[in-house]
Amino acid sequence: MSEKPAGLDAEPVISVRDLETHFFTDEGIVRAVDGVNFDVHPGTTMGIVGESGCGKSITAKSILQIVEAPGRIVNGEINYRRGSGETVNLLNYESGSGNMRAIRGGDISMIFQEPMTSFSGLHTFGNQIDEALRLHTNLAKQERFDLAVDWLARVGIPNPVQRMHEYPFRFSGGQLQRAMIAMAMCTNPRVLIADEPTTALDVTTQAQILDLLQRMQEENDMAILFITHDLGVISEIADEVTVMYLGKVVESGPVFSFFDEPKHPYSRALQTSIPSMFTSSRERLPSISGSIPHPQNRPSGCAFHPRCQSFMEGTCDVGEPELVSVNEEQEVSCFLYEER
């Protein structure tokens, strides 16, 4: 677990810098993503964790420029390194432009959070996966059909030829998740964004999907951006971890450092709330006091200070900490490390 993946020494395939995505509502501006920075390297997995409402999914959608109105990316850069070595800022492309449409679903694919609502109920699965292949490959119709059948078989869906002609409602939840992985992977993407791909699945199916993603990553040297609130999954699949809270990155570093020595009080609180094999029967699990503030009612100073057990009055509620390096590998946004 402590071995450094070789891909971390390579140039990042995705580099997000100072990303800000705001929602302009009648009640005010919601800063859903507020200055986020991270890198995703080829052949490695970056895990983004945090409670619901921290801005994880909006960050992923911002990369593909599919943020729904009234949301809008207002600042930052999303630098994508092509296979040729050329680096382009995706925010220089309009969301509906040919350049962005070629990258979205082709070079960068996404597994969405709710597979049961992400497929069209009016079209067969074959129609939908064929559309992805038609837009991003030059294959003939029969070649596209054969490739789609092959991917359905690779993700473990039985009778793939028959399932190509069926509608999504005929698939179980686990099969829909597998079908979505097949659709995302069939174009051979260089980057896969997986937004809660194992949510609401039983543990057996969850383990199978994680094994599948890791196998596909090894075969294609693919970079994965894995979004979840499940730290158990992160410990299994991630190489690096970015912790988000209320639209900001509060800690980042290698996965083994995150679990062995978490720096931010929020990171420590997340870990202590995980059930342990040593937990006694009926023992109440530790929890993080309070809840995430409403984005339009952000507390002054550090956003986590109303819930923080290390709160320092006159410091945490006044200024906003910056993300600083605490060692060669970890960065943290907390006044506890400001002097370093």
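The values are calculated or read from the model by the stated rules, or taken from the named source; none is laboratory data. These numbers were taken from a predicted model, which means no experiment stands behind them. A quick note on method: Cβ atoms are made from the backbone with ideal geometry, for glycine too, and the neighbour counts reach across all protein chains shown. SASA here: full protein model, heavy atoms, side chains in, ligands and nucleic acids out. Shrake-Rupley method; radii C 1.70, N 1.55, O 1.52, S 1.80 Å.
Return yes when residue 213 is closer than 22 Å to residue 10 by Cα, open to solvent by less than 20 Å² (accessible area, probe 1.4 Å), at pLDDT 85 or above and not polar (S, T, N, Q) and no when it is not. So residue 213 passes the test.
Would the range 35-48 turn up any residue that is over 18 Å from residue 110 (Cβ atoms), part of a strand (DSSP E or B) and β-branched (Val, Ile, Thr)? Among the residues of the range 35-48, not one is over 18 Å from residue 110 (Cβ atoms), part of a strand (DSSP E or B) and β-branched (Val, Ile, Thr), which makes the answer no.
Would you say residue 14 is open to solvent by less than 40 Å² (accessible area, probe 1.4 Å) and within 28 Å of residue 214 (Cα to Cα)? It is true that residue 14 is open to solvent by less than 40 Å² (accessible area, probe 1.4 Å) and within 28 Å of residue 214 (Cα to Cα).
So which of 328, 320, 240 ends up being open to solvent by 60 Å² or more (accessible area, probe 1.4 Å) and in contact with a strand residue (DSSP E or B) (Cβ under 9 Å, 6 or more places away or on another chain)? None of the other options fit; the residue is 320.
Among the residues making up the range 288-310, those that are over 27 Å from residue 274 (Cα atoms) and either surrounded by 15 or more Cβ atoms within 10 Å (Cβ to Cβ) or without any contact (Cβ under 8 Å) to a residue 24 or more places away in the chain (or both) are 297, 300, 301. Restricting attention to the range 111-138 and to residues that are of a type in the set (A, V, I, L, M) and closer than 20 Å to residue 61 by Cβ, the residue that is modelled with the lowest pLDDT turns out to be 116. When restricted to residues that are in a helix (DSSP H, G or I) and either open to solvent by 70 Å² or more (accessible area, probe 1.4 Å) or within 21 Å of residue 189 (Cβ to Cβ) (or both), the range 112-170 contains 35. On the basis of being aromatic (Phe, Trp, Tyr), farther than 25 Å from residue 179 by Cβ, at pLDDT 90 or above and open to solvent by 20 Å² or more (accessible area, probe 1.4 Å), does residue 38 make the cut? Here the answer is no, as residue 38 does not meet what is asked. If you go through the range 60-67 one residue at a time, do you hit one that is outside any loop (DSSP other than H, G, I, E, B), assigned by TED's automatic domain parsing to the domain that holds residue 40, modelled with pLDDT of 90 or more and farther than 30 Å from residue 26 by Cα? No, the range 60-67 contains no residue that is outside any loop (DSSP other than H, G, I, E, B), assigned by TED's automatic domain parsing to the domain that holds residue 40, modelled with pLDDT of 90 or more and farther than 30 Å from residue 26 by Cα.
Taking the conditions (1) at pLDDT below 90; (2) charged (D, E, K, R); (3) open to solvent by less than 80 Å² (accessible area, probe 1.4 Å) in turn, residue 313 satisfies each one other than (3). The single condition among (1) more than 25 Å from residue 106 (Cβ to Cβ); (2) out of contact with any strand residue (DSSP E or B) (no Cβ under 7 Å at 6 or more places or on another chain) that residue 216 does not satisfy is (1).
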